[in-house]
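All remarks here apply to the structure that follows.
The values are calculated or read from the model by the stated rules, or taken from the named source; none is laboratory data. The shown structure was predicted, so the numbers you read here are calculated from the model rather than taken from an experiment. Methodologically, a virtual Cβ is constructed for each residue, glycine included, from the backbone with ideal geometry; neighbour enumeration extends over all protein chains shown. Heads up: the accessible areas ignore ligands, DNA and RNA and are worked out on the full protein's heavy atoms, side chains in. Shrake-Rupley method; radii C 1.70, N 1.55, O 1.52, S 1.80 Å.
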Amino acid sequence: MSPYDEPAEPMLDAISVRNRHSERQEIDVIVVESEETRFSETYTVEPGSEISEKSPVDSSGRYLVRAVTTDGEQEIDTTEHADGDELCVIVRFEIGSSGGFNPPSINSYQDC
């Protein structure tokens, strides 16, 4: 890639949120591209469970994925995690046992 090439535009294949806290958690999941909200949903995640949203957007793009609870917020830029020709991205957020976020996990692969 030359310094003049645009960064790859990955396909956001899925977003998941796991709740390891002992209490139910309300979480807002927002996907933004160029300051425009492309996806927004509020989930109630029971203790010890996980929600998953397949194909939250319908095309590849330069997405910021944000997860927000009353205890904090995390934001992931999907373009920073596309790996070569592995342009399909899954973003996994995790609410820890203390109620705050654990570090997210981002996986990329070839075939969405």
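Would you check which residues across the stretch 19-31 are assigned to a strand (DSSP E or B) and surrounded by 17 or more Cβ atoms within 10 Å (Cβ to Cβ) and list them?
Within the stretch 19-31, Asn19, Gln25, Ile27, Val29, Ile30, Val31 meet the criteria.
Is one or more of the residues making up the stretch 56-69 open to solvent by 70 Å² or more (accessible area, probe 1.4 Å), in a strand (DSSP E or B) and of a type in the set (Gly, Ala, Ser)?
No, that holds for no residue.
Does the stretch 79-100 contain any residue that is aromatic (Phe, Trp, Tyr) and open to solvent by 80 Å² or more (accessible area, probe 1.4 Å)?
No, there is no match, as no residue in the stretch 79-100 is aromatic (Phe, Trp, Tyr) and open to solvent by 80 Å² or more (accessible area, probe 1.4 Å).
Considering each residue of the stretch 26-52, count those that are at pLDDT below 95 and either more than 19 Å from Ala82 (Cα to Cα) or of a type outside the set (Ser, Thr, Tyr) (or both), and give that number.
So the answer is 1.
Pairs only if they're at least six apart or on different chains, beta carbon under 9 angstrom, first in the stretch 83-105 and farther than 14 Å from Ser60 by Cα and assigned to a loop (DSSP other than H, G, I, E, B), second open to solvent by 30 Å² or more (accessible area, probe 1.4 Å) and of a type in the set (Asp, Glu); list them, first residue then second.
Qualifying pairs under 9 Å: Ser98/Asp71; Gly99/Glu23; Gly99/Asp71; Gly100/Asp71.
Out of the residues in the stretch 54-104 that are within 12 Å of the chain's Cα centre (by Cα), hydroxyl-bearing (Ser, Thr, Tyr) and at pLDDT 90 or above, state the one that is nearest to Ser16 (Cα to Cα).
Ser55
Pull up the stretch 33-53, narrow it to residues that are assigned to a loop (DSSP other than H, G, I, E, B) and within 19 Å of Ser22 (Cα to Cα), then point me to the one that is least open to solvent (accessible area, probe 1.4 Å).
Residue satisfying both the conditions and the ranking: Ser49.
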